[in-house]
Amino acid sequence: MMKKRVLVILSGCGVRDGSEIHEATLILLALDREGAEICCAAPDIPQTQCVDHYRGVSVRENRNVLAESARIARGKIVPLTQVDLSQIDAVVLPGGLGAATNLCDFALTSGSVTVEPSVKKVLLDAQAAGKPIGFACIAPVIAAALFGSMGVRYTIGRDQGIAARLASTGAVHVETAVTETAVDSRLKIVSTPAYMLAGRISEVEAGVTAMVRDVLKMA
């Protein structure tokens with residue numbers, strides 16, 4: 001059986017300004033355990049903000065999303081614009097605030113959500129080609145922004161404030177437990193709350209493992 005090749009889109013390195021490291025690592029682990037071939041990519045753009053994770057405050061630094069994401073990928077990463085989607089069977093996005101500031105502007109505005117151009121192109125093309133997409137934590141806001149007009153079903157756990165804000169897109173929020181997934185089998189989109197609900201890393205592991213398995217079943 002051919003290995004499934006899965007694109008993991010990262011948004012930096014660190015929960016407050018990039019990819020949530022636990023979520024990203026556990027997704028990579030789950031994919032590896034399922035025998036998938038992993039391709040990591042990220043937009044080659046400046047980070048929207050930089051945070052000192054020890055003090056929890058913003059700092060005046062210039063960082064690049066691709067370069068920071070390479071920390072998680074151990075250097076094995078490519079610019080998102082260079083990904084050949086014809087060679088990819090599925091796409092997965094971990095959460096972290098970078099998903100809502102670097103991959104889209106959900107956390108930076110109270111209005112409609114704008115998705116970073118290279119992320120938008122890859123996800124729209126993947127969905128149109130019937131390739132499943134998985135989202136963790138806050139990343140499903142991107143699914144709502146891009147596929148809300150199609151009535152996508154997604155979860156960010158139980159945050160009714162976020163769900164209410166995204167309702168205008170046409171997306172349908174599904175409440176789930178931390179270890180569960182919301183599966184939109186029509187659009188081939190899977191999401192799980194991860195640290196939107198999790199209090200322990202083991203809860204994140206259970207949820208993202210289930211998400212990865214649901215994605216691979218449709219790949």
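Listing Asp17, Asp52 from fewest to most neighbouring C-beta atoms within 10 Å gives Asp52, Asp17. Amide H to amide H distances under 5 Å link Asp44 with Leu80, Thr81, where only residues 5 or more positions off or on other chains count and H is placed in the peptide plane. Under the convention that each Lys and Arg Cβ holds +1 and each Asp and Glu Cβ holds -1, the size of the dipole of region 5-218 around its Cα centre is about 100 debye. Please return the longest stretch of the chain lacking exposed loop sites, where trypsin sites (Lys or Arg not before Pro) count only if DSSP places them in a loop and at most 11 other Cβ atoms lie within 10 Å. That would be 77-185. The GNM of the chain, with springs linking C-alpha atoms under 10 angstrom apart, assigns the highest mean-square fluctuation among Pro193, Pro43, Pro79 to Pro79. The H on the amide N of Cys39, modeled in the peptide plane, is under 5 Å from the matching H of Val6, Leu7, Val8, each at least 5 residues off or on a different chain.
Considering all different alpha carbon pairs of region 5-218, the Kirkwood hydrodynamic radius works out to 16.5 Å. Each other residue within a Cβ distance under 10 Å of Leu103 adds +1 if Lys or Arg and -1 if Asp or Glu, for a net charge of -1.
Here's the list of aspartates and glutamates a cross-link from Lys217 could span, going by alpha-carbon distance under 19 Å and ignoring same-chain residues fewer than 8 apart: Asp32, Glu34, Glu37, Asp89, Glu180, Asp184, Glu205. Working note: Karplus 6.51/-1.76/1.60 with θ = phi - 60° gives region 23-40 the couplings 4, 4, 5, 5, 5, 4, 5, 4, 4, 5, 5, 8, x, 7, 8, 9, 10, 9 Hz, where Gly and Pro are set to x. Straight Cα distances below 21 angstrom link Lys120 to the lysines Lys131, Lys188, with same-chain residues fewer than 8 positions distant left out.
When only alpha carbons are used to place a centre, region 1-24 and region 26-71 end up 7 Å from one another. Projecting the Cα atoms of Leu7, Thr155, Ala70 onto the charge dipole of the chain, computed from C-beta unit charges around the Cα centre, puts Leu7 farthest toward the positive end. The modelled label-to-label distance between Ser185 and Leu124, using points 7 Å beyond Cα along the C-beta direction, is 2.9 nm. The residues Leu166, Leu216, Leu124, when put in order of fewest to most other Cβ atoms within 10 Å, stand as Leu124, Leu216, Leu166.
Taking a ≥ b ≥ c as the square roots of the eigenvalues of the Cα gyration tensor, an a/c ratio of 1.5 or more together with a/b no larger than b/c marks region 46-116 as oblate.
Rounded to the nearest Hz, the phi-derived 3J(HN,Hα) couplings of region 153-164 under the Karplus curve 6.51 cos²θ - 1.76 cosθ + 1.60 (θ = phi - 60°) are 9, 8, 9, 10, x, 9, 7, 5, x, 5, 4, 5, where x marks glycine and proline. Residues whose amide H lies under 5 Å from that of Phe135, counting only those 5 or more places away or on a different chain, are Leu93, Val190, Ser191, Thr192; hydrogens are built 1.01 Å from N in the peptide plane.
The numbers here are math on the coordinates, done by the rules we state, and not lab data. For clarity, every value in this text was computed on a predicted model and none was experimentally measured. Positions of Cβ are backbone-derived with ideal geometry, glycine not excepted, and every protein chain shown enters the neighbour counts.
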